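Right, one structure below, let's go through it.
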Amino acid sequence: MQLAIAQQKLSREQQRKIFVKAEGLAHNPNSNAYQKAMKQLEGYPLKPYVELKTLSKFPFMANKAPIERFLSQYEGTPLDLPLRKKWLRYLSKQNQPELFSHFYRDIGNTGFTCKYGEILLQKDPTSSQAFELAEKLWVVGKSQPSDCDALFKQWQSAGKRTPDLIWKRLSLAAGGGNHTLVPYLKTLLPQNQQYLADLWLKVRRSPSQVSRLSNFPGIYKEKEAEILIYGLKRLVSHDRDLALRSWLKISKKYSFTAQQLKKISHRFAIFLALKNHDKAELWLEKASHYEPDAELLRWHLAHVLRQQNWQHALDVINFVPKDVSADNVFQYWKARAYEQLGAQELSKTGLQKLSKQRHYYGFLASGKLSEVASLNDNPLRISQGDLDELAALPAAQRAFEFRELGRNLSARREWIFLQRQLTQPQKLTAAVLASKHKWHDQAIFGFSKAGYLDDLRRRFPMPFDNQLHYSAKKNNIDVAWAYAIVRRESSFMPDAASHVGALGLMQVMPSTARYITKQKISRKSLFNPNRNVELGTQYMRYLMNKVDNNPILATASYNAGWRRVKQWLPKQDTIPLDLWIETIPFKETRNYVKAVLAYQQIYSQHLGNSKNLFKALATMEIHPKT
């Protein structure tokens, strides 16, 4: 009774401290200190993580019962994977096939899956499930762990490793996978086909080899054609003219499937358009006959716009399938084409329709019409009861506790797991709940995934306001622009880290930080929101200085680098800003600039400025060598 009263008196903050202490005791579960801590943690959301640590430390047969209970209770949650992985490894080493099969789940571990397939074949030497697993795991462009050798040997002995599958794996390895696998796969091919493996490696090392048809004897033309398509697709990315000349010769000697012709025509069309090549239009037209996708159609339009051939632009838009042409990009440029061709009423009608919408093209349209930008803000209203009900779910409790402990990665794992269990209305409730807890990145992602985009205050929050305002003013940049950059770079996730090494709120590269400050900057300091904003805004000022204080070019430079952006400037003629943005060669940078400009408008209005920033942008021009 006294113990129960003592437990009731423990605050959540006290339990957090006990939890951290209990983690350190998990290796000694029989100690009095551990037993006492676990009793004090009764009802605490993260208590299972202490149990996980203990069971993971001792994944032995003596603990089979508690391990089974734990895995059954938390199956599919973030608590499942670490323990199941250790338990399956133990069962495999102990040669316990029945138990291994019972506890096996597909957790993304190739070795375990191979072991499971091996067990299936022990029970039934003709198991179709095991053979399907073996084929799926063998036909990949990389080497597999030695744990798979036994399964693959049985699969091969059953006659399932066909020449077609060998060729398929060879193509995957040579055409983008691990090319060191090719010599081994070459030995599996029939003697008269082994030259194909050498051809793959030769073309992989140097795509220009496709220009020498003497390399291709024409013995197995279908397989040689596959290698040629691979080489041509790579060649056109860095030597357009050689790729075109090579295609003329190759297409006379080889026949290609409709799918191969589609691949090559799409690839040639886009890469020729990227460089404004004089053969771009021809290939864009050709590619349009092979089920054009939205990206190809957009580049066809961009290429024509670059020539400022407005009638042709209309023709391209009218050719686009209705489901694609309804996209904002086509509707905006249709209105612009009408404007340039003197059809002012048609242009105005198109712009007015777009201007009622909240996106980059909608803001551009309202700017051209000199109207106030429409935000269409409609905050979502969720009852407190619904919020409390969702907050009481175990995964939500665990996520928020990890947040309190500053363990953001663990918190996100739990929150992402929670999202997968929710209904559509609950996902919206979760987004609002995340916002209420100032978990801005998960609120932003939640609204996006749930498809509700009109709750602008929650989708475009303004945390870290003191530092952002101070640093923006110090570096003489627009604070709305700074907010837009943070929103696009990290969605206000202070510990964001990209695959290329950019860190923190404004995704600052350590090398960039060192360059602009002329001093060593630690990775840890870049995860400090205040320091990151200080450096990020300083870098924005640096970029503004590099591009003559043009914020559009500076925005593009933040993503792609100012040297590359200067290479994209027109060589001779001045062009409208909206057209320059539309023809930025890098898709990522093109979309980045559009997003940041739209976000800047939203933040500007949130900060009390009713001015439509796009009014100036809609008439701005980019000059040669700005």
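The values are calculated or read from the model by the stated rules, or taken from the named source; none is laboratory data. Not measured: the values here are computed from a predicted model. Cβ placement follows ideal geometry from the backbone for every residue including glycine, while neighbour counts extend to all protein chains displayed.
Can you give me the number of residues within segment 51-76 that are within 19 Å of PHE417 (Cα to Cα), surrounded by 15 or more Cβ atoms within 10 Å (Cβ to Cβ) and in contact (Cβ under 8 Å) with a residue 24 or more places away in the chain? Before you say what the answer is, go through the steps one by one.
Residues of segment 51-76 that are within 19 Å of PHE417 (Cα to Cα), as a first pass: 52, 70-76.
Now narrow it down to the ones that are surrounded by 15 or more Cβ atoms within 10 Å (Cβ to Cβ): 52, 70-71, 74.
Adding the requirement that they be in contact (Cβ under 8 Å) with a residue 24 or more places away in the chain leaves 52, 71, 74.
Here the count works out to 3.
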Residue pairs, Cβ under 6 Å, 6 or more apart or interchain, first in segment 466-482 and at pLDDT 95 or above, second assigned to a helix (DSSP H, G or I) and among the hydroxyl-bearing types (Ser, Thr, Tyr). List them. SER471/THR537; ALA472/THR537; ASN475/THR537; ALA480/TYR603; ALA480/SER604; ALA482/THR537
Conditions first: (1) assigned to a helix (DSSP H, G or I); (2) closer than 28 Å to ALA337 by Cβ; (3) more than 33 Å from the chain's Cα centre (by Cα). ASP278 passes all but one, so which condition is the exception? (1)
Single residue of segment 513-541 satisfying the filter (hydrophobic (A, V, I, L, M, F, W, C) and closer than 21 Å to TRP481 by Cβ) that is surrounded by the fewest Cβ atoms within 10 Å (Cβ to Cβ): ILE516
Out of everything in segment 585-626 that is surrounded by fewer than 20 Cβ atoms within 10 Å (Cβ to Cβ), in a helix (DSSP H, G or I) and free of Cβ contacts under 8 Å to residues at least 40 places away in the same chain, what residue ends up being nearest to the chain's Cα centre (by Cα)? GLU588
If I filter segment 570-584 down to residues being surrounded by 16 or more Cβ atoms within 10 Å (Cβ to Cβ) and part of a loop (DSSP other than H, G, I, E, B), which single residue comes out as modelled with the lowest pLDDT? PRO570
Taking segment 126-147, which residues are over 19 Å from GLY177 (Cα atoms), out of contact with any Phe, Trp or Tyr (no Cβ under 7 Å at 6 or more places or on another chain) and in a helix (DSSP H, G or I)? SER128, GLN129, ALA130, GLU132, LEU133, ASP147
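Within segment 292-329, can you find the residues that are among the acidic types (Asp, Glu) and either surrounded by 17 or more Cβ atoms within 10 Å (Cβ to Cβ) or touching a Gly at 6+ places or on another chain (Cβ under 9 Å) (or both)?
Our first condition is that a residue be among the acidic types (Asp, Glu); within segment 292-329, this holds for 293, 295, 315, 323, 327.
Residues satisfying the conditions do not exist here.
Tell me the residue from ALA513, ALA497 that is out of contact with any Lys or Arg (no Cβ under 8 Å at 6 or more places or on another chain) and closer than 20 Å to ALA554 by Cβ, please.
Numbers: ALA497 fails: closer than 20 Å to ALA554 by Cβ.
Being out of contact with any Lys or Arg (no Cβ under 8 Å at 6 or more places or on another chain) and closer than 20 Å to ALA554 by Cβ holds for just one of ALA513, ALA497, which is ALA513.
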Cβ-Cβ under 7 Å pairs, at least 6 apart or on other chains, segment 558-582 side farther than 22 Å from GLU489 by Cβ, far side assigned to a helix (DSSP H, G or I): LEU577/ILE552; LEU577/LEU617; ASP578/LEU364; LEU579/LEU305; GLU582/ALA302; GLU582/LEU305
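Inspect all residues belonging to segment 489-505 and state whether any of them is touching a Ser or Thr at 6+ places or on another chain (Cβ under 6 Å), assigned to a loop (DSSP other than H, G, I, E, B) and modelled with pLDDT of 95 or more.
Initially, segment 489-505 is screened for residues touching a Ser or Thr at 6+ places or on another chain (Cβ under 6 Å), giving 496, 505.
Checking the rest, the ones that are also assigned to a loop (DSSP other than H, G, I, E, B) come to 496, 505.
The next check asks that each one be modelled with pLDDT of 95 or more; those that pass are 496, 505.
Yes, because at least one residue in segment 489-505 is touching a Ser or Thr at 6+ places or on another chain (Cβ under 6 Å), assigned to a loop (DSSP other than H, G, I, E, B) and modelled with pLDDT of 95 or more.
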